[in-house]
Amino acid sequence: MSKDKKMALVTGGSRGIGRAVCIELARAGYHVIVNYASNSAAAEETVSSCEEAGGSAEYCGFDVSNSEEVSRAFSELKSAHGSLAVLVNNAGIAKDGLLLRLKDQDWDRTLDVNLKGAFLCSREAAKLMVKARNGSIVNISSVVAEMGNPGQAPYCASKAGLIGLTRSMARELASRGITVNAITPGFIKTDMTDALGESLKEEHLKAIPLGRYGEPREVASLVRFLCSGDARYITGQVIGINGGMYM
Ligand code: NAD
């Protein structure tokens, strides 16, 4: 039951890191709103996993890069639940290619989903959080925002932009009791990293001092901490979770 629970919205929550974050927040007692772009069956599975973990959840489909869809979803959320305690901007895509071959539309789509999407959702979430004078926003950036990566110019640019967005929002919203932080995961085992070829995966592994890929639940527990009462003095920070590959 969602009554009397704090609300948490996780974008791109139907699989991977987003799904692990949904389950972790549900377990921590939030009523979780699982956003998905197109795969409602996968979002339903996330809802079931949240319930199996002893929590409650519902799903809500919208494209984070579409301003009208985002404002409609937030106005429905406001009518149904009245408030939002946590927003996790997790939805992301990677359209990779070498600079000389990149197409305009690959650049635009990556920036639209990864950066504009976080802006649109944060703007709507902030309206609800400012009223409550409380809230946590966590942006899922990437270690490649800090290091760069050949063949990933749009992805790296979008994730680096997310860090600037995080720090600006943190400064603007601090006086209202809202914290805004970014997490920069390294290589985490999900569909996104499964898509890399075996030789590339082995090469990446050599660059990780802890000698393994991260698990989605390890990112999820950092998100849970940043949203908790124990982290109210942490804002505007960029926190790495990368097995030591960038330090
Ligand atoms: P994933 O591809 O499994 O998940 C991304 C999710 O975003 C999917 O559920 C997808 O449907 C959703 N999404 C995509 N476009 C959307 C849109 N327009 N509107 C709403 N949802 C949309 O990838 P993942 O590995 O779980 O990555 C989650 C986040 O973590 C991403 O932002 C990614 O860039 C970031 N990240 C991942 C890694 C990694 O190693 N896996 C490392 C660093 C950062």
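Considering the stretch 1-47, and only residues there that are open to solvent by less than 50 Å² (accessible area, probe 1.4 Å) and of a type in the set (S, T, N, Q), the residue that is farthest from GLY117 (Cα to Cα) turns out to be SER2.
Looking across the stretch 137-151, just one residue is open to solvent by 30 Å² or more (accessible area, probe 1.4 Å), in contact (Cβ under 8 Å) with a residue 24 or more places away in the chain and outside any helix (DSSP H, G or I), and that is PRO150. Residues in the stretch 195-217 that are out of contact with any Lys or Arg (no Cβ under 8 Å at 6 or more places or on another chain) and buried (at least 17 other Cβ atoms within 10 Å of the Cβ): ILE208 alone.
Against the definition (within 26 Å of PHE225 (Cα to Cα) and free of Cβ contacts under 8 Å to residues at least 24 places away in the same chain), how does GLU52 come out, yes or no? When the stated conditions are applied, GLU52 passes them.
Looking only at residues in the stretch 81-113 that are in a strand (DSSP E or B) and crowded, with 17+ Cβ neighbours inside 10 Å, the one that is nearest to the ligand (Cβ to nearest atom) is ASN89.
Please verify whether ALA174 is away from the ligand (no atom under 15 Å from the Cβ) and either within 16 Å of VAL64 (Cβ to Cβ) or open to solvent by less than 10 Å² (accessible area, probe 1.4 Å) (or both), treating the condition exactly as stated. Break it down stepwise before answering.
Values: away from the ligand (no atom under 15 Å from the Cβ): yes; either within 16 Å of VAL64 (Cβ to Cβ) or open to solvent by less than 10 Å² (accessible area, probe 1.4 Å) (or both): no.
When the stated conditions are applied, ALA174 does not pass them.
Being open to solvent by less than 80 Å² (accessible area, probe 1.4 Å) and among the aromatic types (Phe, Trp, Tyr), is that true of even one residue in the stretch 224-231? Within the stretch 224-231 (the criterion being open to solvent by less than 80 Å² (accessible area, probe 1.4 Å) and among the aromatic types (Phe, Trp, Tyr)), the answer is yes, since at least one residue qualifies.
Determine, yes or no, whether GLY244 is in a loop (DSSP other than H, G, I, E, B), surrounded by fewer than 14 Cβ atoms within 10 Å (Cβ to Cβ) and at pLDDT 95 or above. Steps first, please.
Details: in a loop (DSSP other than H, G, I, E, B): yes; surrounded by fewer than 14 Cβ atoms within 10 Å (Cβ to Cβ): yes; at pLDDT 95 or above: yes.
The answer is yes for GLY244.
Could you list all residues from the stretch 50-70 that are polar (S, T, N, Q), surrounded by 16 or more Cβ atoms within 10 Å (Cβ to Cβ) and either under 30 Å from ASP108 (Cβ atoms) or within 14 Å of the ligand (Cβ to nearest atom) (or both)? It would help to see each step written out before you state the result.
The initial filter retains those residues of the stretch 50-70 that are polar (S, T, N, Q), namely 56, 65-67.
Next, only the ones that are surrounded by 16 or more Cβ atoms within 10 Å (Cβ to Cβ) stay: 56, 65-66.
Residues satisfying the conditions are SER65, ASN66.
Given the structure, is LYS78 open to solvent by 40 Å² or more (accessible area, probe 1.4 Å), touching a residue at least 12 places away in the same chain (Cβ under 8 Å) and under 15 Å from the mean Cα position of the chain (by Cα)? Talk me through it step by step, then tell me what you get.
Numbers: open to solvent by 40 Å² or more (accessible area, probe 1.4 Å): yes; touching a residue at least 12 places away in the same chain (Cβ under 8 Å): yes; under 15 Å from the mean Cα position of the chain (by Cα): no.
No: the conditions fail for LYS78.
Of all residues in the stretch 8-47, those being under 13 Å from the mean Cα position of the chain (by Cα), within 9 Å of the ligand (Cβ to nearest atom) and not in a helix (DSSP H, G or I) number 7.
The residues of the stretch 165-216 that are hydroxyl-bearing (Ser, Thr, Tyr), over 19 Å from ARG15 (Cβ atoms) and in a helix (DSSP H, G or I), listed by number, are THR166, SER168, SER175, SER199.
The values are calculated or read from the model by the stated rules, or taken from the named source; none is laboratory data. Bear in mind that the values here come from a model prediction, so they are computed numbers and not experimental data. Note that we place each Cβ from the backbone using ideal geometry, even for glycine, and neighbour counts take in every protein chain shown. The area values use the complete protein model at the heavy-atom level, side chains included, leaving out ligands, DNA and RNA. Shrake-Rupley method; radii C 1.70, N 1.55, O 1.52, S 1.80 Å.
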